[in-house]
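Read the structure below first, then the notes.
Every number here is computed from the coordinates shown, using simple stated rules; none is lab data. Quick caveat, the model's predicted, so the values are computed rather than measured. Note that we place each Cβ from the backbone using ideal geometry, even for glycine, and neighbour counts take in every protein chain shown.
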Amino acid sequence: MKIIFQVSGGIGKSIAATAVCAAIKKQYPKDELIVLTGYPDVFVKNPNVNRVLSGQVNYFYPEYIEGKNSKMFLHDPYNETDFIYQRGHLIKVWCEMFGIKYNGEQPELFITGKEMSTAAAMINSPKPIMLVQTNGGMSDKADKYSWPRDLPIATAQKVVNAFVQDYTIVHIRRPDQLVLQNTFQATADFRLMAALIAMSTKRLFIDSFAQHAAAALNMPSHVCWVANLPSQFGYELHNNIIANPPTQQPEYRNAMFNKYNIGDLPTEFPYQNEAEIFGADMIIEAVRRDVVKEPAKGKKPEVAVV
């Protein structure tokens, strides 16, 4: 039997979906798992996935539907009652809505040795690498900043300034996102970004693809959270830094299934200014001491290089 697993949404969600793939394969070890995703690079060399389809798929109906006995896993977990009411992690809810037993499976990425050497050559620095991701998702706003998710650029710059003498600081960003001064700008493709995560010494991220990739590579990191919850989107191996409590009452007229719109509505901003969201000194101290939890089962970080 063929199992068709559709993953909608961004790249971070596709990384989280690799854990669902592992759970599916445990329950259906003899069946063929076909993944539909906008980010096929996430599933490269994944042993649980037999085929990855992306974009315009030709002849899908005659190959997988007509006269076949395929099983369809097509629903979006974001629409599930348990997810909306924050009753479990995204991966757990995702598995359970398909009737898949969840046994604590975590995301997985498989990086090749050549990708690691290419990433090392791209940076080519004698100093250890510190990675920073400050912005996530798409933003068409003039200020290129989404308060429910992003790390305020002034706060991030203070953190960079505290470490720039001892580390090569690599800023993971798209070309249309804000720039941190005194950093190496990394705008490479996803696979090279993942390799950079695997070879880095310190990591400061937000709730975006990098924190999912770090979890998939078993690399404990510091992750800053504003609107979303680490209990739904995060991982226990990370040091999850929660934003300060709101200082203003937001306007909820446009809030539906979430307290805040992750796309950023200025009327929902629950602070007087961006400086109130996080304390830069607290983040600096956490990163300096590397207060992160041990990887699962007491193992040291291990990167699956294939």
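What pairs from LYS13/LYS259; LYS13/LYS114; LYS26/LYS114; LYS13/LYS68; LYS30/LYS71; LYS92/LYS114 go past 22 Å between their alpha carbons?
On the way: LYS13/LYS259 20 Å; LYS13/LYS114 26 Å; LYS26/LYS114 30 Å; LYS13/LYS68 29 Å; LYS30/LYS71 13 Å; LYS92/LYS114 34 Å.
Checking Cα-Cα distances, LYS13/LYS114; LYS26/LYS114; LYS13/LYS68; LYS92/LYS114 exceed 22 Å.
Going through the DSSP H helices of the chain, which span 15 Å or more along their own axis at the Cα atoms while scoring at least 0.0 as a mean Kyte-Doolittle hydropathy?
Numbers: long enough: 11-27 (25 Å, 0.71); 113-123 (16 Å, 0.40); 153-163 (16 Å, 0.86).
Once both thresholds are applied, what remains is 11-27, 113-123, 153-163.
Rounded to the nearest 500, the 222 nm mean residue ellipticity of the chain from helices alone is -7500 deg cm²/dmol, with -39,500 (n - 2.57) taken per DSSP H run of at least 4 residues. Reported to the nearest whole Å, the Cα centre-to-centre distance from the range 65-103 to the range 114-137 is 34.
Could you rank the peptides 173-184, 210-221, 33-44 by their average count of other C-beta atoms within 10 Å per residue, with the highest value first?
Numbers: 173-184: 15.7, 210-221: 26.2, 33-44: 20.8.
Top of the packing list down: 210-221, 33-44, 173-184.
Building the convex hull from the alpha-carbon atoms of the range 2-97 and averaging its projection over directions returns 6.3 nm². For the listed peptides 273-282, 235-244, a ranking on the average number of other beta carbons within 10 Å per residue, highest first, reads 235-244, 273-282.
Sorting the Cα pairs of the range 188-227 by distance into bins of 10 Å, from 0 upward, gives 32, 58, 10 percent per bin.
When ranked by the protection proxy of mean other Cβ atoms within 10 Å per residue, highest first, what sequence do the peptides 88-96, 257-265 form?
Values: 88-96: 21.8, 257-265: 15.2.
Most protected by this proxy first, the peptides run 88-96, 257-265.
Let me check against my output: what whole-number percent is the relative contact order of the range 98-183, with C-alpha pairs under 8 Å and at least 6 apart? If you can, show how the numbers build up before the last one.
Working: 72 pairs, mean separation 27.0, N = 86.
Relative CO of the range 98-183 lands at 31 percent.
Give the residues of the range 20-49 whose amide nitrogen is closer than 13 Å to a point set 7 Å from the Cα of SER70 in the direction of its Cβ. In the range 20-49, the label zone of SER70 (backbone N under 13 Å from the point 7 Å along Cα→Cβ) covers 32-37. Simple spin-label estimate for ASP176 and ALA286 gives 2.9 nm between the two label positions (7 Å along the Cα-to-Cβ direction from each Cα). Remark: the range 44-178 projects, on average over all directions, an area of 13.3 nm² (convex hull of Cα atoms). Shape class for the range 137-245, computed from the alpha carbon gyration tensor (a ≥ b ≥ c): rounded, with a/c under 1.5. Net charge of the neighbourhood of THR81, taken over other residues with C-beta under 12 Å away and scored Lys/Arg +1, Asp/Glu -1, is -2.
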